[in-house]
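Right, one structure below, let's go through it.
The values are calculated or read from the model by the stated rules, or taken from the named source; none is laboratory data. Quick caveat: nothing in here was measured; it's all calculated off a predicted structure. When we count neighbours, we look across all protein chains shown, and the Cβ atoms used for this are built from the backbone with ideal geometry, even at glycine. Calculation scope for accessible area: heavy atoms of the full protein, side chains included, ligands and nucleic acids excluded. Shrake-Rupley method; radii C 1.70, N 1.55, O 1.52, S 1.80 Å.
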Amino acid sequence: MAGNSDIQWCFSQVKGTLEDDATEADIISCVEFNHDGDMFATGDKGGRVVIFQRDPISKECIPKRGEYNVYSTFQSHEPEFDYLKSLEIEEKINKIRWLKRKNPAHFLLSTNDKTIKLWRVSERDKKIEGYNLREEDGNLKDPSTISQLRIPVIKPMELMVEASPRRIFANAHTYHINSISVNSDQETYLSADDLRINLWHLEITDQNIVDIKPANMEELTEVITAAEFHPHECNLLVYSSSKGSIRLCDMRAAALCDRHSKLFEEPEDPISKSFFSEIISSVSDVKISNSGRYMISRDYLSVKVWDLHMETRPIEVYPAHEYLRSKLCSLYENDCIFDKFECCWSGNDQAVMTGSYNNFFRIFDRNSKRDITLEATREIAKPRTVLKPRKVCTGSKRRKDEISLDCLDFNKKILHTAWHPQENIIAVAATNNLYLFQDKF
């Protein structure tokens, strides 16, 4: 993986229809690479999961190309209705997390607001013919017609990919699930909603490990916004809150992690305090680095890098779209201020990526401290097209290659991004399209 500041990103592929009349169900709601990057999965608001597999030729050719083809599509969740609470439960996929591969099949977790499912995705390229007690179509034979004993034979067939739910984990969350994270032991995982974090065993059941629900709900001051396990230490987890703080918990300390081991919080600057301060300080995503030493958090206007050994303040702060600070009032009125942007690490932890409006996404290089704004747009949807850096003009004089702040489209937003774990290949979800970019080859 090259130094990220030297990368020239170019277009690789776009998935999904390029037409304007995209339905609500087609809007991508999550994207996730598996552990070796040979596959990635997307979930959408229609409850579907689409798995893409890397083209073997593109992986082996020199230079490598990041090209993926559809491997499997299946309906993960259906709309439901909670009759006790008279509430509709959306089919929208909130999160997808892969399990490490242990056999020829792939396993992944997907969740909507209430129910988590463990899926087994496997290939079948052989079939059995020559049954004694049933016909080839599966219907039972009349025993009186059987005159001789046949030995079934295995014959090749066209490759078929099957997705089947191995387990369904339901009825454990009162509020909407916002996070799932697989533990490094690959046997347990956590799920988090606004007030509780549950620990699940993939084979057994759940156990509540964090509960911030007060006895009197009128005393509620914050909610859980995201949670994740440490990538190497199976006893450690972090969760973020709507007040801008991040807590690290050690499950060895107590069965219920009500008391955190560390609290990562930046002191508020009284000078810059405003009506919007608490809203924009809410952490929408938190991710621990692949090395396990650092952590990134995303609030509305910035990405912060934290050292897990230092709680008092972040070691790096990168502005995601600081030019929007002057627009907070109008963003509050159109509800954009409540958008939940995700963030992700590069495979070598040297760069950080997050999304913005107008289909812009931002990449920050931690070594050179340089950053770049790129755009996922149909205009660059030609193979090997190099992405040109975009700039937003906040003043009165606008250069030719800049876009005016007032011209930004706040309906086009990149909330979900993912970075290949070993190579410079990124996946960017722009409404109903998924763009794949890679370093120039």
Any aspartates and glutamates whose Cα falls less than 20 Å from that of residue 126, other than same-chain ones fewer than 8 residues away, would be 135, 136, 137, 158, 162
Scattering profile of region 298-441 from the Debye formula, Cα beads only, expressed as log10 I(q)/I(0) at q = 0.08, 0.09, 0.11, 0.16 Å⁻¹, is -0.23, -0.29, -0.43, -0.92
Stretched fully, the stretch from residue 100 through residue 410 gains (0.36 nm per residue minus C-alpha distance, one decimal, in nm) 107.9 nm
At the level of C-alpha centres, the distance separating region 96-129 and region 199-248, in angstrom, is 26
Residues whose built amide H sits under 5 Å from the amide H of residue 316, excluding neighbours closer than 5 in sequence, are 305
Here, GluC sites (Glu not before Pro) of region 247-293 satisfying both criteria (DSSP loop; at most 13 other Cβ within 10 Å) are 268
Between residue 44 and residues 5 or more places away or on another chain, the pairs with built amide H atoms under 5 Å apart involve 29, 93
Ordering 345-358, 83-96 by per-residue average of other C-beta atoms within 10 angstrom, highest first, gives 345-358, 83-96
Scalar couplings 3J(HN,Hα) for region 155-169 by Karplus 6.51 cos²θ - 1.76 cosθ + 1.60 (θ = phi - 60°), nearest whole Hz, x for Gly and Pro, are 10, x, 9, 5, 4, 10, 9, 10, 10, 9, x, 7, 8, 10, 10
Per region 367-417, sqrt(5λ) over the Cα gyration tensor eigenvalues, sorted largest first, in Å, gives 20, 16, 14
Straight-line reach check, residue 127, cutoff 21 Å on alpha carbons, 8 or more apart in-chain or any other chain, hits among lysines -> 141, 155
For the chain, cysteines with no other Cys Cβ under 4.7 Å from their own Cβ are listed as 10, 30, 61, 234, 329, 336, 343, 344, 393, 407
Heavy-atom accessible area per residue of the chain, all protein chains kept, 1.4 Å probe, expressed in Å², is 51
Extend 7 Å from the Cα of residue 164 along its Cα-to-C-beta direction; within region 99-136, residues with backbone N under 15 Å of that point are 104-108, 118-128
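Here is the link list: 85/412; 64/287; 95/273; 213/327; 15/64; 102/287. Which ones come out longer than 22 Å on Cα distance? Display every interim value, and only then the final one.
Numbers: 85/412 34 Å; 64/287 28 Å; 95/273 33 Å; 213/327 34 Å; 15/64 20 Å; 102/287 25 Å.
Violating the 22 Å limit, Cα to Cα: 85/412; 64/287; 95/273; 213/327; 102/287.
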Residue by residue through region 418-431, the couplings from Karplus 6.51 cos²θ - 1.76 cosθ + 1.60 with θ = phi - 60°, in Hz, x for Gly and Pro, are 8, 10, 3, x, 10, 10, 8, 10, 10, 10, 10, 8, 10, 6
For region 223-233, Karplus-derived ³J(HN,Hα) couplings (6.51, -1.76, 1.60; θ = phi - 60°; whole Hz; x for glycine and proline) come out as 10, 6, 10, 7, 8, 7, 6, 5, x, 10, 9
Here the relative contact order (percent) of the chain, from C-alpha pairs under 8 Å and at least 6 apart, is 16
Residues whose built amide H sits under 5 Å from the amide H of residue 289, excluding neighbours closer than 5 in sequence, are 294, 295, 296
Evaluated at 4 °C and 1.567 mPa s, the Stokes-Einstein D of the chain based on the Kirkwood radius over Cα pairs, in µm²/s, stands at 55
Whole-percent tail of the Cα-Cα distance distribution for region 39-107, cut at 14 Å, equals 69
Taking the alpha-carbon centre of each part, the distance from region 150-186 to region 295-342 in Å is 35
Summing -39500 (n - 2.57) over every DSSP H run of at least 4 residues in the chain and dividing by its residue count gives a helix-only mean residue ellipticity at 222 nm, to the nearest 500 deg cm²/dmol, of -500 deg cm²/dmol
Residue separation between residue 62 and residue 271 times 0.36 nm, minus their alpha-carbon distance, gives in nm 69.8 nm
Per the 1/(1 + (r/R0)^6) rule, R0 = 25 Å and r from the Cβ atoms of residue 384 and residue 313, FRET efficiency to 0.05 is 0.05
Using the Cα gyration tensor of region 192-329, the equivalent ellipsoid's semi-axes, largest first and to the nearest Å, work out to 27, 19, 13
